[in-house]
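Following: one structure in structure tokens, then a few remarks.
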Amino acid sequence: MKIRPLGDRVVIKKIEAEETTKSGIVLPGSAKEKPQEAEIVAVGPGGVIDGKEIKMEVKVGDRVLFSKYAGNEVKIDGVEYTILRQDDILAIIE
Amino acid sequence: MKIRPLGDRVVIKKIEAEETTKSGIVLPGSAKEKPQEAEIVAVGPGGVIDGKEIKMEVKVGDRVLFSKYAGNEVKIDGVEYTILRQDDILAIIE
Amino acid sequence: MKIRPLGDRVVIKKIEAEETTKSGIVLPGSAKEKPQEAEIVAVGPGGVIDGKEIKMEVKVGDRVLFSKYAGNEVKIDGVEYTILRQDDILAIIE
Amino acid sequence: MKIRPLGDRVVIKKIEAEETTKSGIVLPGSAKEKPQEAEIVAVGPGGVIDGKEIKMEVKVGDRVLFSKYAGNEVKIDGVEYTILRQDDILAIIE
Amino acid sequence: MKIRPLGDRVVIKKIEAEETTKSGIVLPGSAKEKPQEAEIVAVGPGGVIDGKEIKMEVKVGDRVLFSKYAGNEVKIDGVEYTILRQDDILAIIE
Amino acid sequence: MKIRPLGDRVVIKKIEAEETTKSGIVLPGSAKEKPQEAEIVAVGPGGVIDGKEIKMEVKVGDRVLFSKYAGNEVKIDGVEYTILRQDDILAIIE
Amino acid sequence: MKIRPLGDRVVIKKIEAEETTKSGIVLPGSAKEKPQEAEIVAVGPGGVIDGKEIKMEVKVGDRVLFSKYAGNEVKIDGVEYTILRQDDILAIIE
């Protein structure tokens, strides 16, 4: 089975990192969302999305940081993926 | 009876999947909406929607993933359909 | 008395359907708004609405599905109508 | 004293209707705002409002339906008027 | 001391009106904001505000109705003024 | 140390005014934000900000009124400044 | 490992400042977000972001003030960085 994202969406596969969770108390000064690492597995065609020309800047195989709560999770052939918009990709790791 | 969606809307028919519901506790790290599988049964004409040119990229028969809470459910001749905007379609499954 | 909707608005008359209400418990998986059937009784001229060119795609006599909570209800000569924007019409039933 | 509305605003005078209030229980299926009847007493010049060209489509003397909670009430020479934007006028009654 | 408003802002001086306050119970049917009378004492230059060309349509000395909760109050040389955007002016009283 | 604001931002230094605070009861009729006086100490270059051409209309040394809760406070070399967008400047005092 | 931000994003490294925290009582008059100092370590290419041409105005090595709660924190090779949009940079310190 193959998944082809529409518009400016991409499909990514998370790279699990060791999580050294600290105590549960949330301090205001650090109440930021931590991005997560992933690999791009499919890239939409881009084009005119919501009236704006979107050029895709990531490609299959790129290792990226993405906003952890962005997108929709989907399980295909038993593997978990996330489908999100390219704009939710923060950076490429090289 | 036939249903003809307006503008950038599409009519889909859900493909029921086995749901292996886990315990009811929601963990922040996985609090994402799971998309659902469906088949496209009718596609609107697209055109200028809300001042923006929308080109329809899905066609009748496509198997798609869509955002589960998007759109409006409707029962026609005893069968349940969902009417949603093309932008709520995440990806085509091939 | 005649009612002439402004801009991209239409006047519709609901077609009452038998409602087989289930138990009152709302399940997250089906918490969607059900659209309702109606007949179009008056159509505004369209034109430039909020800076965007709107072409009217429905006509008097069309049987449509609309978003149940959209629009404003109005009683004219003892008959109830709903005035809503064309964009709240989901599909035409043929 | 005369009142001259700015931009796309109009001044209307409500036409009081008999209100047959039902019991206080609000049912979800009918929780819609009821529009009210009024007569147009002054019309702004229209023009470019918020960067968009607005053409005034109502004129003094028109009997209209408007969204009941829209606009600002104002009392001039002891008479109550409502000042609202043309877009809050739903339809003209003929 | 003189005050020169920026962009599409105007400076107004309220005209105090006798307020015949009714009982404190707020009825849904009349829960609208009452506009207030004022005199224009300074007018900004207009121009391109937030990417849109704004032409000033009020002038110093105009008696206007404005939305009571709009704008910022300021006391200059012991006199209270309100600085607001022209769009918060509802109408000119002649 | 020198601070150079980006885009349409300006750096201001508040001018402390005597505050004759009244009793703590907030009356709905006067629940408006009071602007504050300040002197402009640095002005950004303007230019295309968020897709819109912004021309800077204030200059270093201008005495201005600004919306009290706007912007970000910053302490440089022990002195407190506020960095805000030009649009949060209400008026120039001359 | 190298991190390459997408679009109008930049990667910054915070410069820790001594924090002389006062008592925990928050006074309305000073309830503003304090910006924080940082050094720019990577700059995205800019370009057309969300349909608007964004020119990058900061460069690697710039010492900047940024809005403390903006962006996403990320730890690379044991060092903490923040990824944010250029628009969350308030000013350059020289």
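The values are calculated or read from the model by the stated rules, or taken from the named source; none is laboratory data. Computed from a predicted model, the values in this text were never measured in an experiment. Quick reminder, even Gly has a Cβ in these numbers, built from the backbone with ideal geometry, and neighbours come from all protein chains shown.
Quick notes on this structure:
- Scanning the range F:39-68 for residues that are surrounded by fewer than 16 Cβ atoms within 10 Å (Cβ to Cβ), within 14 Å of chain G (Cβ to nearest Cβ) and either among the polar types (S, T, N, Q) or out of contact with any strand residue (DSSP E or B) (no Cβ under 6 Å at 6 or more places or on another chain) (or both) returns F:PRO45, F:GLY47, F:VAL48, F:ASP50, F:LYS52, F:GLU53.
- Residues (among the β-branched types (Val, Ile, Thr) and out of contact with any Asp or Glu (no Cβ under 8 Å at 6 or more places or on another chain)) located in the range C:69-82: C:ILE76, C:VAL79
- In the range B:69-94, the residue that is modelled with the lowest pLDDT out of those that are in a loop (DSSP other than H, G, I, E, B) and under 16 Å from B:VAL11 (Cβ atoms) is B:ASP77.
- For the range G:17-30, the criterion of being modelled with pLDDT of 90 or more, among the hydroxyl-bearing types (Ser, Thr, Tyr), more than 26 Å from F:VAL48 (Cβ to Cβ) and touching an Asp or Glu at 6+ places or on another chain (Cβ under 8 Å) is met by none of the residues.
- Selection from the range B:77-94 of residues that are more than 8 Å from every other protein chain (Cβ to nearest Cβ) and touching a residue at least 60 places away in the same chain (Cβ under 8 Å): B:ASP77, B:VAL79, B:GLU80, B:TYR81, B:LEU84, B:ARG85
- Of all residues in the range F:43-57, those satisfying the criterion of being within 25 Å of G:LYS68 (Cα to Cα) and in contact with a Pro (Cβ under 8 Å, 6 or more places away or on another chain) are F:VAL43, F:GLY44.
- Residue check, E:ALA42 over 16 Å from D:ASN72 (Cβ atoms) and either modelled with pLDDT under 80 or in a strand (DSSP E or B) (or both): yes
- F:VAL60 vs. criteria modelled with pLDDT of 95 or more and either in a strand (DSSP E or B) or under 25 Å from E:SER67 (Cα atoms) (or both): no
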